[in-house]
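Before any comments, here is the structure.
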Amino acid sequence: MADTILQNGFLDHPVFALVSEVAEESGVRAFVIGGYVRDCFLGRDSKDIDIVVEGSGIALAEAVARRTHAHVSVFRNFGTAMLKYEGTEVEFVGARRESYNRNSRKPIVEDGSLEDDQRRRDFTINAMAFSLQKADFGALVDPFGGIRDLAAGIIRTPLDPDITYSDDPLRMLRAIRFAARLSTPERSFVIVPESLEAMARMKDRMSILSKERIAEELNKMLLTERPSMAFRLLDQTGLLEYILPQLRRLKGVETVEGKGHKDNFSHTLQVVDQVALQEREEIAAGKRAEVNLWLRWAALLHDIGKPGSKRFDPAVGWTFHGHEVIGARMVPGIFQELKMPLNEKMKYVQKLVGLHHRPVALVDEEVTDSAVRRLLFDAGDDIDDLMLLCNADITSKNPAKVVRLRQNFERVREKLVEVEAKDAIRNFKNPITGEYVMATFGIPPCNTIGQIKERVKDAILDGEIGNNFEEADALMRSYAASLGLKVVGQ
Ligand code: CTP
């Protein structure tokens, strides 16, 4: 095995030989551990390296830093030290036996052996180590069968899951995140049943986690290729009820007089996956620079207002009128609850949730220029993201219906391009400013100015006049005259 590891170049980074040498001189044993080892076997790039030392991690880091003249950052409270070597962050920690206080994620730490340290890690696939000892450089140390679980696609805790999750409940979210992230279309990663059962039992332990850490994990789940997998697991284990109960309320199908509606939870998850897929396609086609976490949040929350708007109308069946308005109003509360930013990111999500029905509604109607101009005006620069979300929102069990709706949707898209080329509404600026109205009619700041500007804006968006100063100025003058205003000096 050690030969295979060396042949594969897993330990080619110069820091490994260096740490090996300095550890021997210092008389301590050092190992590469955790995500780096896992990612080597998965053929994935790992951004940082964790070194565990049977002895003081800080002392070894300082000794390595003396050799390389690198700056070392020491975190005495955690017993860790970090240095940057040839562009890679390398973290050093002493091998420990840990026990946890029930009310905090902060461990009580004692020195221990490598195996003590591995036993206290989250999952077997994250508890593998490569030896950096000269005698067996590159040997895999894997007492809990991490390599077997990695090959089989299994997420399992080294200890009884009740202990591992109770020690640090964040690991329940990490298990789900790893299952979603490591799964590929060819091979799913599954969390072993006893672990899932332990999560269901331990869900109340989530209360010791900070909301920020929870949100960080949710963000990572949303950024996976198929986020639905993570959210289904969150639901299955009962964790979703604690984290995002509003999402769970989308579950279920009610039937009245033989008429049911779609399960909005499944639909939402399908939309999130489709957004992720379409983003990847647009990136591959060079149409998009990178994935957008907030677009994924918008997809996750797009129908969040549905339970609050649900009605049964005997004539038409189930309706969700105004769910986008209710949903948009719910977004700030959800962001606040999860301690997520309440800045322009939240406003973007709120805007997309509020507008997500507009392009689809256009599909059913005749696509008029003025409806398209209004949509462009309201969405502004976020129009492309909104269109992606709406396209992903077209789901139905009937494939013919999906094809028909997508074709109609393409017509809306073409019309958007056409109208934008003609009228440049996307970054609309009213050709008439408040100052200009005041100067022309010699009036002080007052409501009438807003009224005149609104009239001009509506006229442009409705196609009554062109989006240019001359026509806007003429309308301003005739409208102001109808309000009894006189041009100064006349
Ligand atoms: N770890 C743990 N329990 C946690 C967090 C981390 O046992 N709650 C251990 C795992 O062995 C993990 C290592 O610390 O592999 C490093 O943690 P981290 O950097 O968060 O994760 P990685 O496994 O490196 O994965 P990635 O950074 O790719 O998400």
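Here Arg38 fulfils each of the conditions (1) buried (at least 20 other Cβ atoms within 10 Å of the Cβ); (2) in contact with a strand residue (DSSP E or B) (Cβ under 9 Å, 6 or more places away or on another chain) apart from (2).
Against the condition of a type in the set (Gly, Ala, Ser), within 14 Å of the ligand (Cβ to nearest atom) and within 21 Å of the chain's Cα centre (by Cα), how does Ala129 come out, does it pass? Taking the combined requirement at face value, the residue does not satisfy it. Considering Arg232, Arg187, the condition of being within 23 Å of Ser266 (Cα to Cα) and modelled with pLDDT under 95 is satisfied by Arg187 alone. Of the numbered criteria (1) closer than 16 Å to Leu114 by Cα; (2) more than 29 Å from the chain's Cα centre (by Cα), the one Ile33 fails is (2). The selection criterion, being closer than 24 Å to Phe41 by Cβ, within 11 Å of the ligand (Cβ to nearest atom) and in a helix (DSSP H, G or I), holds for Arg181. Only one of Met172, Met199 is buried (at least 20 other Cβ atoms within 10 Å of the Cβ), within 16 Å of the ligand (Cβ to nearest atom) and free of Cβ contacts under 8 Å to residues at least 60 places away in the same chain; which? Selected residue: Met199, the only one of Met172, Met199 that is buried (at least 20 other Cβ atoms within 10 Å of the Cβ), within 16 Å of the ligand (Cβ to nearest atom) and free of Cβ contacts under 8 Å to residues at least 60 places away in the same chain. Of the residues Arg413, Arg426, Arg406, Arg455, only one is surrounded by 12 or more Cβ atoms within 10 Å (Cβ to Cβ) and touching a Gly at 6+ places or on another chain (Cβ under 7 Å); which? Every option except Arg426 fails the conditions. Against the numbered list (1) farther than 21 Å from Thr268 by Cβ; (2) in contact with a strand residue (DSSP E or B) (Cβ under 8 Å, 6 or more places away or on another chain); (3) not in a strand (DSSP E or B), Ile176 comes up short only at (1). Looking across the stretch 153-169, the residues that are outside any loop (DSSP other than H, G, I, E, B) and buried (at least 19 other Cβ atoms within 10 Å of the Cβ) come down to Ile154, Ile155, Pro161, Thr164, Tyr165, Asp167. Screening Gly87, Gly27, Gly9 for residues that are surrounded by fewer than 17 Cβ atoms within 10 Å (Cβ to Cβ), more than 16 Å from the ligand (Cβ to nearest atom) and modelled with pLDDT of 95 or more leaves exactly one candidate, Gly27. When restricted to residues that are loosely packed, with under 12 Cβ neighbours inside 10 Å and of a type in the set (Gly, Ala, Ser), the stretch 384-403 contains 1.
Is it true that His321 is within 23 Å of the chain's Cα centre (by Cα) and closer than 22 Å to Thr395 by Cβ? Taking the combined requirement at face value, the residue does not satisfy it.
For every residue, the table says whether it meets (1) within 16 Å of the ligand (Cβ to nearest atom); (2) modelled with pLDDT of 95 or more; (3) farther than 30 Å from Ile154 by Cβ.
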residue	(1), (2), (3)
Glu21	no, yes, yes
Ile33	yes, yes, no
Val37	yes, yes, no
Ser46	yes, no, no
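Checking the stretch 307-323 against the condition returns no match, with no residue being of a type in the set (Ser, Thr, Tyr), touching a helix residue (DSSP H, G or I) at 6+ places or on another chain (Cβ under 7 Å), without any contact (Cβ under 8 Å) to a residue 60 or more places away in the chain and farther than 20 Å from Ser266 by Cα.
Yes/no matrix, rows are residues, columns are (1) outside any loop (DSSP other than H, G, I, E, B); (2) within 20 Å of the chain's Cα centre (by Cα); (3) surrounded by fewer than 14 Cβ atoms within 10 Å (Cβ to Cβ):
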| position | (1), (2), (3) |
| --- | --- |
| Arg288 | no, yes, no |
| Val291 | no, yes, no |
| Arg296 | yes, yes, no |
| Ile326 | yes, no, no |
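Scoring Val52 on the criteria (1) under 15 Å from Ser131 (Cα atoms); (2) touching a Phe, Trp or Tyr at 6+ places or on another chain (Cβ under 6 Å); (3) more than 10 Å from the ligand (Cβ to nearest atom) leaves a single failure, condition (3).
Answer yes or no as to whether Leu150 is surrounded by fewer than 22 Cβ atoms within 10 Å (Cβ to Cβ), modelled with pLDDT of 95 or more and within 13 Å of the ligand (Cβ to nearest atom). So Leu150 fails the test.
Within the stretch 132-144, the residues that satisfy the criterion of being within 14 Å of the ligand (Cβ to nearest atom) and without any contact (Cβ under 8 Å) to a residue 60 or more places away in the chain are Asp142, Pro143, Phe144.
The condition of being more than 13 Å from the ligand (Cβ to nearest atom) and closer than 28 Å to Val271 by Cα holds for Leu222. If you filter the stretch 184-196 down to residues that are surrounded by fewer than 20 Cβ atoms within 10 Å (Cβ to Cβ) and hydroxyl-bearing (Ser, Thr, Tyr), you find that the one that is nearest to the ligand (Cβ to nearest atom) is Thr184. Counted as qualifying within the stretch 1-87 are the helices (runs of 4 or more DSSP H) with 3 or more residues that are farther than 18 Å from Ile147 by Cα, namely 14-26, 57-68.
The values are calculated or read from the model by the stated rules, or taken from the named source; none is laboratory data. Model, not experiment: these values are computed from the prediction. As a convention, Cβ positions derive from the backbone with ideal geometry for all residues, glycine included, and neighbour counts pool all protein chains shown.
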